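Below: the structure, in structure tokens.
Laboratory data are not the source of any read-out in this text; all were calculated from the coordinates shown. If you're wondering where the values come from, they're calculated on a predicted model, not measured in any experiment. Note that we place each Cβ from the backbone using ideal geometry, even for glycine, and neighbour counts take in every protein chain shown.
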Amino acid sequence: MHEMGIAMQIVEIALDAIPPNLQEKSVETVNLKVGKLSAIVPDSLRFCFDVVTRETRLAGVKLNIEEIPVKARCRECHFEWIIEGPAFTCKNCQSGAIDIITGRELDIESIEIADREIPDAG
Amino acid sequence: MPVKLFRMPKQYHHRDFQKPLHSHAHHDTDTASQKSGAHIIKVVRRVLDANDIMAGQNRKRFREKGVFVLNMMSSPGSGKTTTLVKTLARIMPEIKTAVIVGDICTTNDADRLAISGAPVIQINTDQFGGDCHLAAHVIEKAVDDLDLDTIDLLVVENIGNLVCPAEFDIGEDARVVVLSVTEGEDKPAKYPLMFRECDATLLNKTDLLPYLDYDKDLAVSTIQQVHPDMPVFEISSKTEDGFEPWLQWLRTLVHNKLHH
């Protein structure tokens with residue numbers, strides 16, 4: 001529901017990450033990791049990203065979203081498994097004392113910049 | 001107490017923070033690798049790190065001032081405000097409490113809460129299209145209007161929404177979700193993040209159970225499937241049935257922070 005705000009934050013971090021010597025070059029891709037347990041819908045986020053980058057230096061940049069599964073580890077028996085449904089008890093020993101080790105990501109991993117100049121906006 | 005109306009301040013920008021939490025230097029040439037005419041610049045930053053940094057600053061400020069902060073969340077209409085009004089009436093003046101209440105529009109909730117005598121700050125998020133949650137920078141600005149030296153407990157009544165508020169740390173000490181028995185037993189399974197992120201559930205409107213086909217045991221077991229061992233307090237904010245265990249839980253948390 002707050003994908004527009006998230007898209008704006010992504011733009012800001014991506015712009016901030018462009019090295020000074022590549023300021024004139026074309027950004028091709030922004031690589032993002034989104035955990036399945038984050039409150040983000042990837043399709044909505046892509047749509048919002050396209051809207052907020054329109055007629056900017058990042059217009060047309062591809063937002064590459066890697067979805068990260070929800071992985072848990074049991075504190076009792078150390079069993080690790082991927083959580084598919086809304087059941088957060090250990091699949092091995094039924095303990096409720098578990099840690100979520102992946103699935104909450106909302107991280108910008110990297111940006112890819114081509115050697116060519118920024119195409120004309122519009 | 002007069003109600004203070006507060007509108008969304010400007011959005012914080014990453015550049016407002018001098019030192020990013022992560023030590024990855026963005027312009028470090030070592031992190032830029034070149035392959036087939038393209039440069040891959042490693043970034044490795046949380047998208048919400050501006051919020052997280054601000055939440056950390058809020059948390060530090062609340063610790064220094066000795067204020068316990070409770071973030072109350074729920075879907076719209078679950079009875080957050082009524083629960084809070086009744087809660088304030090029973091814990092004050094023993095626990096000196098202030099409230100920040102977030103809504104997209106209107107000061108109705110703040111008007112209801114102000115009757116308690118607690119200082120109330122209403123945040124309206126409509127200025128930027130009606131945000132679906134309260135973020136840390138909004139709390140930071142709103143707290144400027146409160147005298148933190150005179151309160152023990154700050155309750156933040158978040159925007160009614162079971163999705164987004166769960167994602168945003170505001171610097172709180174504990175989170176509770178209010179779920180009413182008119183909402184369906186499977187809500188915790190549909191909104192697992194919210195129920196994972198909270199420390200207790202208030203199962204509200206139990207006075208309506210005789211009139212509903214609601215399976216309360218199923219609701220409780222669904223909550224415990226999503227978040228095993230989380231306390232579930234069955235309450236009626238209308239009759240105040242079941243309030244004492246919830247209030248005792250809250251009093252203990254506030255006491256533990258203040259006397260630590």
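Given the stretch A:1-82, what count of lysine pairs have C-alpha atoms under 18 Å apart, with each pair 8 or more places apart or on different chains?
On the way: A:Lys25/A:Lys62; A:Lys33/A:Lys62; A:Lys33/A:Lys71; A:Lys36/A:Lys71.
Lysine pair count for the stretch A:1-82: 4.
Hey, what D do you get for chain A in µm²/s if you plug the Kirkwood alpha-carbon radius into Stokes-Einstein at 20 °C and 1.002 mPa s?
Values: Rh = 16.2 Å.
For these conditions, the coefficient is 132 µm²/s.
Relative contact order for the stretch B:131-260: what percent, with Cα pairs under 8 Å and sequence separation of 6 or more? It would help to have the intermediate numbers written out before the result.
On the way: 153 pairs, mean separation 28.1, N = 130.
Averaging sequence separation for qualifying contacts and normalising by length gives 22 percent for the stretch B:131-260.
Filter the trypsin sites (Lys or Arg not before Pro) in the stretch A:33-79 down to the DSSP loop ones having no more than 16 other Cβ atoms within 10 Å, then list what survives.
A:Arg54, A:Arg57, A:Arg75
Give me the inter-chain shielding for B:162-172: mean count of other chain Cβ atoms within 10 Å, whole number please.
Details: counts 1, 5, 6, 2, 3, 9, 3, 0, 0, 0, 0.
Mean shielding count: 3.
Using per-residue counts of other Cβ atoms within 10 Å, averaged over each peptide, order B:118-125, B:216-223 from highest down. Can you show the working numbers first?
Working: B:118-125: 23.2, B:216-223: 16.6.
Packing proxy ranking, top to bottom: B:118-125, B:216-223.
So what's the convex hull volume per residue for the Cα atoms of the stretch B:47-106, in Å³?
Working: hull volume 7.0 nm³, N = 60.
Residue-normalised Cα hull volume stands at 116 Å³.
Across peptide A:45-58, what mean number of C-beta atoms from other chains lies inside 10 Å of a residue's C-beta? Before the final figure, lay out the partial values.
On the way: counts 1, 0, 0, 0, 0, 0, 0, 0, 0, 0, 0, 0, 0, 0.
So the per-residue partner count for this stretch is 0.
Given axes a ≥ b ≥ c from the Cα gyration tensor, I'd like to know whether the stretch B:51-172 is rounded (a/c under 1.5), prolate (a/b larger than b/c) or oblate. Write down the numbers at each step before the final one.
Details: a/c = 1.62, a/b = 1.06, b/c = 1.53.
In terms of gyration-tensor shape, oblate.
With the dipole of the protein assembly as shown worked out from charges on the C-beta (+1 for Lys and Arg, -1 for Asp and Glu) around the Cα centre, which of B:Ala135, B:Leu146, B:Ala110 lies farthest toward the positive end?
B:Leu146
Please compute the length gained on full extension between A:Glu67 and A:Glu24, using 0.36 nm multiplied by the number of residues separating them and subtracting their Cα-Cα distance.
Numbers: separation 43, 0.36 × 43 = 15.48 nm, distance 3.07 nm.
Fully extending the segment from A:Glu67 to A:Glu24 adds 12.4 nm.
I'd like the orientation of helix A:3-17 relative to chain A: the angle between its Cα long axis and the longest Cα principal axis, in ° from 0 to 90, rounded to 10.
60
Step through the residues of the stretch B:238-253 one at a time and calculate ³J(HN,Hα) from phi using the Karplus curve (6.51 cos²θ - 1.76 cosθ + 1.60, θ = phi - 60°), rounding each to whole Hz and writing x for Gly and Pro.
Couplings: 7, 9, 6, 4, x, 6, 4, x, 5, 5, 5, 4, 5, 4, 5, 5 Hz.
Stokes-Einstein D for the protein assembly as shown at 4 °C, 1.567 mPa s, Kirkwood Rh over Cα pairs, in µm²/s? It would help to have the intermediate numbers written out before the result.
Numbers: Rh = 22.5 Å.
Once the numbers are plugged in, D ends up at 58 µm²/s.
Counting other beta carbons within 10 Å of each residue's own, what order do B:Ile170, B:Ile95 fall into, fewest first?
Numbers: B:Ile170 25, B:Ile95 19.
The order, fewest Cβ neighbours first, is B:Ile95, B:Ile170.
So what is the 222 nm mean residue ellipticity for the protein assembly as shown from helices alone, if each DSSP H run of at least 4 adds -39500 (n - 2.57) and you divide by all residues, rounding to the nearest 500 deg cm²/dmol? Don't jump to the answer; show the numbers that get you there.
Working: 10 runs with 108 residues, N = 382.
Result for the protein assembly as shown, helices only: -8500 deg cm²/dmol.
From the residues A:Ile118, B:Ala200, A:Pro69, which one has its Cα farthest along the dipole of the protein assembly as shown in the positive direction, the dipole being from +1 and -1 charges on Cβ of Lys/Arg and Asp/Glu about the Cα centre?
Positive-most Cα among the choices belongs to B:Ala200.
Test of understanding: what is the full-extension gain from B:Leu208 to B:Thr150, defined as 0.36 nm times their sequence separation minus their Cα-Cα distance? Before the final figure, lay out each step's value.
Numbers: separation 58, 0.36 × 58 = 20.88 nm, distance 3.80 nm.
Extra length available between B:Leu208 and B:Thr150 comes to 17.1 nm.
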